[in-house]
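Scroll down for the structure; my scribbles are underneath it.
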Amino acid sequence: MRAVDVGDGRYARASIALRLYRSTRRIRAYLRWSQEGETQERYVGEVDAATRPANLAQAWKMARTAGYVTTETVPPNSWASSPASRAVMSANKGRDTKPEKLLRSALHGYGLRYRVGARPIPDLRRTADVVFTKARVAVFVDGCYWHGCPEHHRPAKKGATFWQDKIAGNQARDHETNEALRNAGWLVIRVWEHEDPEQAAQAVAEAVKSRQDLTSVRQS
C-alpha cells in the first residue's frame, strides 16, 4: 500500500505530485498526504522518464527506497483480511449512494417532496433513506451485499464466519426496524440497490398517494 505512517498506529493515503520547473526543464516529485485536515508534503527527488506514468513509477520507487512510504498494517482486531479490503470497506458510503440518488431523482420527477436521511420516529434510532412524513412512508435503499440480497449476495471467502454474522446482524436489525415502524403506523418500503429506480419510484409514489388519500378520507 502507498501509505505514510503518521504515528500511533495511524496511516494516511499518499499520492505523488509532479512539478515541471520551466526555467530548468527539470521535473521534481513530491509525496503528498492529508493529516488532521491539512495537506502535508515531502520532496522526493527529480525524475527524468519519458512519460508521466514512468515518472510516477520512478518517484514511488524513490519514495520507498527513502523509507517515506510504508505498507499499512491491519490492526489485530480488524475485520479486514488485508489493508486493501480495509480501505475499501472503510470508504463504503452510508448515505447518498448512487442508487439512492437515482431513486430520489425519479421520485422528484413525480413531484414528490420528502426528507433525506431522517428518522421516521425521532425517539427511534433508525434512519430511513427517504421519508414522507405526512404519509408516514419510510423508504430504505438496501445494498445487495450488506443486507444479504437473495439474488446478488455472494458470501465472503475470507473471514466467512465474521461476515455471515455481520450480514445476519444487519438483516435482524432490518426486521426490527420494519416491526417498530409498522407498529407506529408507518409503511416501510425496502428497495434493493439493483432494482430499476424508475419502477421503484413508481411503486413508492403510488404508496404515498394511497396513504395520502386514506388520510384525507379519515379527516373528512
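The values are calculated or read from the model by the stated rules, or taken from the named source; none is laboratory data. Here the structure is a predicted model, which means the values were calculated and not measured. Note that each Cβ is placed from the backbone with ideal geometry, even for glycine, and that neighbours are counted across all protein chains shown. The protein model used for the area step is the full one, side chains on, heavy atoms only, and it has no ligands, DNA or RNA in it. Shrake-Rupley method; radii C 1.70, N 1.55, O 1.52, S 1.80 Å.
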Checklist entry - Within region 209-220, is even one residue out of contact with any His (no Cβ under 9 Å at 6 or more places or on another chain), charged (D, E, K, R), more than 18 Å from VAL131 (Cα to Cα) and loosely packed, with under 11 Cβ neighbours inside 10 Å? => result yes
Checklist entry - If only one of GLU198, GLU193, GLU206 is under 18 Å from ALA128 (Cα atoms) and among the acidic types (Asp, Glu), which one is it? => result GLU193
Checklist entry - Are any residues in region 6-48 within 16 Å of THR71 (Cα to Cα), modelled with pLDDT under 80 and in a strand (DSSP E or B), and if so, which ones? => result VAL6, GLY7, ARG10, TYR11
Checklist entry - Can GLY169 be described as of a type outside the set (Lys, Arg), exposed (fewer than 13 other Cβ atoms within 10 Å of the Cβ) and part of a loop (DSSP other than H, G, I, E, B)? => result no
Checklist entry - Name the residues in region 41-61 that are buried (at least 18 other Cβ atoms within 10 Å of the Cβ), aliphatic (A, V, I, L, M) and either without any contact (Cβ under 8 Å) to a residue 12 or more places away in the chain or under 15 Å from VAL4 (Cβ atoms) (or both), would you? => result VAL44, ALA59
Checklist outcome for this item: Those residues of region 11-40 which are without any contact (Cβ under 8 Å) to a residue 60 or more places away in the chain, out of contact with any Leu (no Cβ under 8 Å at 6 or more places or on another chain), among the basic types (Lys, Arg) and surrounded by 12 or more Cβ atoms within 10 Å (Cβ to Cβ) amount to ARG32
Checklist outcome for this item: All-but-one check, GLU193 against (1) under 28 Å from ARG113 (Cα atoms); (2) open to solvent by less than 40 Å² (accessible area, probe 1.4 Å), failing number (2)
